[in-house]
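Notes to accompany the following structure.
The values are calculated or read from the model by the stated rules, or taken from the named source; none is laboratory data. Quantities reported herein were computed from a predicted structural model and do not represent experimental measurements. Heads up, the Cβs are rebuilt from the backbone with ideal geometry, glycines too, and the neighbour counts pull from every protein chain shown. Remember, those area values only see protein heavy atoms, side chains included, never the ligands or the DNA or RNA. Shrake-Rupley method; radii C 1.70, N 1.55, O 1.52, S 1.80 Å.
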Amino acid sequence: MMKSLIILGSTGSIGTQALEICRRDGYKVTALAAGSNIDLLEKQAREFAPLAVAVFDEQKAKELKIKLSDTDIKVLSGVDGVCEIAQGKGEIVLNAIVGIAGLRPTLKAIEAGKTIALANKETLVTGGELVNRAAKEKGVKILPVDSEHSAIFQSLQGAPEGSLKKILLTASGGPFFNKTRKDLENVTVAEALNHPNWSMGAKITIDSATLMNKGLEVIEAVHLFGLPASQIEVLVHRQSIIHSGVELSDGAVIAQLGTPDMKLPIQYALTYPERSEFAFEKLDLFKVGTLTFEKPDTDTFRCLPLCVKAINEGGLAPTAVNGANEEAVRLFLEGKIKFLQIAECVEKALCQVNNKKEFTLEDIFEADRLARECVIGN
Ligand code: NAD
Ligand code: MG
């Protein structure tokens, strides 16, 4: 029996690649959700005939309802609609929403006992504690889709409990590897969007250029694998072939290698614990030739150490750096701030966070709001 799948963020980079896999492997797609791109969502709905779709943007949802009125597909709207989709019929919820907007739907999906295939790293960065607690209570699995975390997860298959000593988290270094702060002063949006190895959504592509993405991934790894940041080493590996690895108690290093293609980690989260044929380009190490490793330049790329500081402080600090970054990236993409100001915004929000050790979901959203306000008021 093919597993059934709910895809949140189906019109994005991860969402469309997941649908490519569904198209090929015949997964039953039971529901889809997106932010506002109803033209693509309509096409997807007509092709995959889900029971329901949701659009976050209320007005766009109304338009889609009219477009799909000749079908039986239910059209829901707003954050409640997206959450309802996350709890509907279907075994696996692939969360490929971008930003903290993915947190509530993840929690709703866990509440409904779904297996979570998680691409939305901001879910764990902001709500890691709540998500882990809820998943434990419900006995729900969280399967990482982020390529590094999938690689770590794959490397740990068969490793005895307690044997994980260190995580080797690889980073491509992004388009601005080896640049100085002076070089980065006036970089354009187009230059920042020009990632050397990966084709991804705009927000994560900018995060890769600032190394914020790697910082968010350190936090994500802390929550997924239970090691402190001090046992997570970031290595700049320009070829993006080693997707990450682990060091075990006897010193053995185990890593997962592949082409820079998100379809493999997406597919593994869907087939886990099984594996199935990969129909896309496979790795040819002769073509790659050389693998290199360097330390990240944390003086130039401030977002990475700021994220490490945030997770070491814990509480609402990761939410503050995430919220400030989301807002700063939006402003950068709109041409309203410069590239180096992104890290300044993140640092300011981290300094101003009103932190608590014990916190609720509402505290997270409030900390997110305050961090964004701190950026806009800049
Ligand atoms: P994207 O911008 O291409 O797509 C985002 C999707 O989320 C779109 O379908 C959009 O409509 C939807 N969306 C946005 N706001 C929403 C809301 N409020 N409610 C419902 N849907 C909403 O982004 P992406 O590159 O596919 O990344 C998605 C997530 O996966 C991010 O958290 C990113 O960090 C993570 N991720 C992406 C990649 C990649 O290769 N693209 C790799 C690793 C991790
Ligand atoms: Mg990644």
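When region 26-50 is filtered for residues that are of a type in the set (A, V, I, L, M, F, W, C) and surrounded by fewer than 18 Cβ atoms within 10 Å (Cβ to Cβ), the ones remaining, listed by number, are Leu40, Ala49. Of the residues making up region 129-157, just one is among the small types (Gly, Ala, Ser), more than 14 Å from ligand 1 (Cβ to nearest atom) and either under 17 Å from the mean Cα position of the chain (by Cα) or within 25 Å of Pro260 (Cβ to Cβ) (or both), namely Ser155.
Checking region 195-205 against the condition returns a match, with at least one residue being at negative phi, of a type in the set (Ser, Thr, Tyr), within 16 Å of ligand 1 (Cβ to nearest atom) and in a loop (DSSP other than H, G, I, E, B).
Tell me yes or no: at least one residue of region 119-142 is assigned to a strand (DSSP E or B) and open to solvent by less than 10 Å² (accessible area, probe 1.4 Å). Scanning region 119-142, I find no residue that is assigned to a strand (DSSP E or B) and open to solvent by less than 10 Å² (accessible area, probe 1.4 Å), so the answer is no.
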